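Written below as structure tokens is the structure these notes are about.
The values are calculated or read from the model by the stated rules, or taken from the named source; none is laboratory data. Being a predicted model, the structure only gives us computed values, none of them experimental. Note that each Cβ is placed from the backbone with ideal geometry, even for glycine, and that neighbours are counted across all protein chains shown. These area figures cover heavy atoms from the full protein model, side chains too; ligands, DNA and RNA do not enter into them. Shrake-Rupley method; radii C 1.70, N 1.55, O 1.52, S 1.80 Å.
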Amino acid sequence: MKKYSEMSKEELLELKEQLDRQYREIQAQGLSLDMSRGKPGADQLNISMEMMDVLKSGDDLKCETGVDCRNYGVLEGIPEAKRLLGEMAEVNPDEIIIYGNSSLNVMFDTIARCMMKGVLGNTPWSKLDKVKFLCPVPGYDRHFKITEYFGIEMINVPMTPEGPDMDMVERLVSEDEAVKGIWCVPKYSNPQGYTYSRETVARFARLKPAAKDFRIFWDNAYCVHHLYDTNQDFLVEILGECAKAGNPDMVYKFCSTSKISFPGSGIACVAASRANLEDFRSTMKIQTIGHDKLNQLRHVRYFKDIQGIHEHMRKHADLIRPKFEMVLETLERELGGKGIGEWTKPHGGYFISFDSMEGCAKDIVAKAKAAGVVMTDAGATFPYGRDPKDSNIRIAPTYPSIDELKKAAEVFVLCVKLSSVEKLLQQ
């Protein structure tokens, strides 16, 4: 297989003519396909529909302690919901608080509380001259939007298959008191699908921050989102590691059922040390009289326990695994050996991370859009939307049908080829 970079100018011009013709043919089809966000497809939503029948008007709607879930109260969540999400988050129920429908909302509120009130009696971040956050890149765009919203300076930390560059993390955290936190998606990371290694988690737990109020924002969004029954990634539980290392308060751990049951209608939680949870409660008791206990009850009665969640997630995997495999097969067949792109091959999560030739990502995404395929904006996986190499593109295979995805993947690889040829001809 000849790499594009090894082709003569004449060969590149001939190839460009072929690709231009194919691109015009695609444009003439008037496609309208969406591969922009990691949303479950309609077939995935359908497998949770029986949850809608779990609670009926004649049912006993009291939780196990006798509290009427139709009424106010139970600020931290009903005991059986704490037990269920505690199992999912691999923590004891007394280390968890159940929130509403969105872990992203909990993370936003947590940053807001740090800004306004401070962390465990420390100076509120809004009263400091400078607040900085470490951002593993490529990473989750909505994390970066939160810290950008609050005016927090974001520092890029390169990701590796083992997790963030821990030499850089350790140095920045220990040397700069203005570094107050780090965003982490530790299992099947967004967008690369990497899982932090045992050594990476241990190094996180042993961090020696210059700031007493430094916090690891551990967004374990894909903790049960495997694509395969046997080939699954393993993640060491961070709270236990931090406790063993003498840093029990250093981490906030978030997760939810958003891509397990219904996105936007799931239940979210935070797991943390006793001191941190008390800090959370101090705001919660002012902010709300309690979250949706009927939804908590619905989830518990439907899933029952962690085994019920695992069985449900196998159904999700059966639906999305063929989509991931089809995209990966298309990438390998059309781009393998050509030297114009590299991509991850995740065992779980919701994304594939693609790296084009430097300086091509924005053009590829623009070409795809002009051909009727909407993708996540190039640069979105970096703070401030600025990818220094203009090379990373997040592929989200889950939402389209398999037929739509097949067409979208074909359009994508065509745009990669065309953009790469044009880039080489410019050089």
_What whole-number distance in Å separates the alpha-carbon centres of the range 16-31 and the range 139-196?_
39
*Compactness of the range 312-427, expressed as Rg and Dmax over alpha-carbon positions, Å*: 14.1, 51
*asked:* Once neighbouring chains are kept in place and the probe is 1.4 Å, which whole percent of the accessible area of the range 1-140 is contributed by carbon and sulfur?
replied: 47
_Calculated from backbone phi, Karplus (6.51, -1.76, 1.60) coupling profile of the range 302-318 in Hz, x at Gly/Pro_ = 7, 7, 6, 7, 5, 5, x, 5, 4, 5, 5, 5, 5, 5, 4, 4, 4
_Dimensions in Å of the range 354-398 - Rg and Dmax from alpha carbons_ = 9.9, 28
*For the chain, what is the accessible area per residue in Å² when the probe is 1.4 Å?*
43
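Based on the alpha-carbon gyration tensor of the range 1-110, what equivalent-ellipsoid semi-axes (square roots of 5 times the eigenvalues) come out, in whole Å, largest first?
Details: eigenvalues 608, 83, 31 Å².
Working through the eigenvalues yields semi-axes of 55, 20, 12 Å.
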*Mind checking which of Q44, I97, L19 is farthest towards the positive end of the range 1-136's charge dipole, using Cβ charges of +1 (Lys, Arg) and -1 (Asp, Glu) about the Cα centre?*
L19
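Could you order peptides 183-191, 124-132, 380-388 by the average number of other Cβ atoms within 10 Å of their residues, highest first?
Values: 183-191: 26.6, 124-132: 15.7, 380-388: 17.9.
Top of the packing list down: 183-191, 380-388, 124-132.
If we sort 58-66, 217-225, 246-254, 141-149 on the protection proxy, mean other Cβ atoms within 10 Å, highest first, what's the order?
Working: 58-66: 11.3, 217-225: 23.4, 246-254: 21.0, 141-149: 18.0.
Per-residue mean Cβ counts within 10 Å order the peptides as 217-225, 246-254, 141-149, 58-66.
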*Would you mind pulling out the separation of the Cα centroids of the range 91-105 and the range 386-427, in Å?*
37
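From the square roots a ≥ b ≥ c of the eigenvalues of the alpha-carbon gyration tensor of the range 254-293, which class results: rounded (a/c under 1.5), prolate (a/b over b/c), or oblate?
Values: a/c = 3.89, a/b = 1.60, b/c = 2.44.
It is oblate, given that a/c is not under 1.5 and a/b is not larger than b/c.
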_Through the Karplus equation 6.51 cos²θ - 1.76 cosθ + 1.60, θ set to phi - 60°, convert the phi angles of the range 404-417 into ³J(HN,Hα) values in whole Hz; use x for Gly and Pro._
5, 5, 4, 5, 4, 5, 5, 5, 4, 5, 5, 5, 4, 4
*asked:* Using a 1.4 angstrom probe on the protein heavy atoms only, could you order S174, S419 from most to least accessible area?
replied: S174, S419
*Which percent of the accessible area of the range 196-298 is formed by carbon and sulfur heavy atoms (probe 1.4 angstrom)?*
51
_Shape of the range 226-315, Cα gyration tensor, a/c cut at 1.5_ = oblate
_Diffusion constant of the range 56-194 at 4 °C, which comes from Stokes-Einstein with the Kirkwood Cα-pair radius and 1.567 mPa s, µm²/s_ = 73
*Express the carbon and sulfur contribution to the solvent-accessible surface of the range 326-427 as a percent, rounded to the nearest whole number, probe 1.4 angstrom.*
49
*By what distance, in whole Å, do the Cα atoms of the range 124-186 stretch along each of the three principal axes, largest value first?*
37, 27, 14
_Students often forget the sequence filter, so: which lysines lie under 24 Å Cα-Cα from K39 once same-chain residues fewer than 8 apart are removed?_
K145, K187, K253, K259, K315, K323, K345, K362, K367, K369, K406, K407
_Built amide H within the under 5 Å cut-off of V374, gap 5+_ = L33, D34, M35
*May I ask for the net charge around C415, where only other residues with Cβ less than 9 Å from the Cβ of C415 are counted and Lys, Arg are +1 while Asp, Glu are -1?*
+1
